[in-house]
Each structure stands twice: as C-alpha cells, then as structure tokens.
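The values are calculated or read from the model by the stated rules, or taken from the named source; none is laboratory data. Please read these numbers as outputs of a predicted model, since none were measured by experiment. Every residue, glycine as well, gets a Cβ built from its backbone with ideal geometry; the counts of neighbours run over all protein chains shown. To get the accessible areas, we keep the full protein, side chains included, count just its heavy atoms, and leave off ligands, DNA and RNA. Shrake-Rupley method; radii C 1.70, N 1.55, O 1.52, S 1.80 Å.
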Amino acid sequence: MSEEVNFYQVIGGEQTLQRLVNRFYEIMDSEPKAVGIRAMHQADLSEANEKLFLFLSGWMGGPQLYIEKYGHPMLRARHLPFAIDESARDQWIYCMVRAMHDVGLDEKEITVEMDDTAITIRGEKKQEKEEKGKNWHL
C-alpha cells in the first residue's frame, strides 16, 4: 500500500513552511502593493506569523498545530471584523505567491486551494469568482 503524499511533504515540511510564512510577512511589511492588508495587522507581526504557520501546517496536510493550540480555525468568523474586499484578497494572494516564488515553490499546486479558502473567508460564492476569471499568477 502506498502512502499518499500531501503538499506539506512536497514542499519539505516544517522548515520550508516556516520560511514561506516568514517571507510572506516580510513582503507584506515592505511591499507598497500590500499596504491595505498590512494596515489590518498589528505593528508586531509575530503573532500573525505564528498563527499562519500553525494553520497552514494542518491545511497543507501536516500536523494540525493550529487546532491543537486554538481549536477549529473558523476562518470566516475570525476574519469578520476586517473589511476583506477583493483588493485585500488580491494583496494577500500577491504576498503569498511572491513568497512562494522567493522560497522556490511552484504556486500552481496551491493557489487553487488558497483561492477557495479566500472565497470562504470573504463569504463569496465560488460561482462569482469563476465568473470573474481571476488568475493569481504573478
């Protein structure tokens, strides 16, 4: 019986994921294109960095670190206080795709899933997104 390989394993596990998340927040903190989503975060990004790392670990098929520490992510509920419009979504995806490129990952394998997650957070219907034909690649 062969073991199924998940994205967490494909990228190289914990070390690569931490590099990805660190780079994501470096870009968010310095890129003028991300000023809108940067303003939604606290001045110190260390807590956001930790939580994104913990969440992505489980989301990518690795250890469910976020759930172990905080319980179910409840993404939509946790993001309701923020005005996450298309611009904010696009800024977040821009930072993540840039971070993936910078750490040597191919975003094609993950952006479809991230897109679906972004739709969930914003409360959009998948059909609305498909009608817009958004392409996340840089």
Original post:
In region 13-79, what percent of the accessible surface is made up of carbon and sulfur (1.4 Å probe, ligands and nucleic acids excluded)?
Top reply: 53 percent
**OP:** Putting +1 on Lys and Arg Cβ atoms and -1 on Asp and Glu Cβ atoms, find which of TYR8, ALA43, PRO63 reaches farthest to the positive end of the dipole of region 1-70.
**Re:** ALA43
Subject >> Dimensions (Å) - region 1-56, Cα atoms, principal axes, largest first >> reply: 49, 20, 16
Original post:
Roughly speaking, what is the stretch gain from ALA43 to ALA83, that is 0.36 nm per residue apart minus the C-alpha to C-alpha distance, in nm to one decimal?
Top reply: 12.6 nm
Original post:
Probe 1.4 Å, all protein chains in place: accessible area of ASP90 in Å², nearest 10?
Top reply: 40 Å²
**OP:** Can you tell me the FRET efficiency between GLN64 and ASP102 if r is taken as the Cβ-Cβ distance and R0 is 22 Å, rounded to the nearest 0.05?
**Re:** 0.25
Original post:
When all alpha-carbon pairs of region 37-89 are counted, what percent fall beyond 15 Å?
Top reply: 55 percent
Subject >> In nm, spacing of pseudo-spin labels at VAL5 and ARG76 (7 Å Cα→C-beta vector) >> reply: 3.5 nm
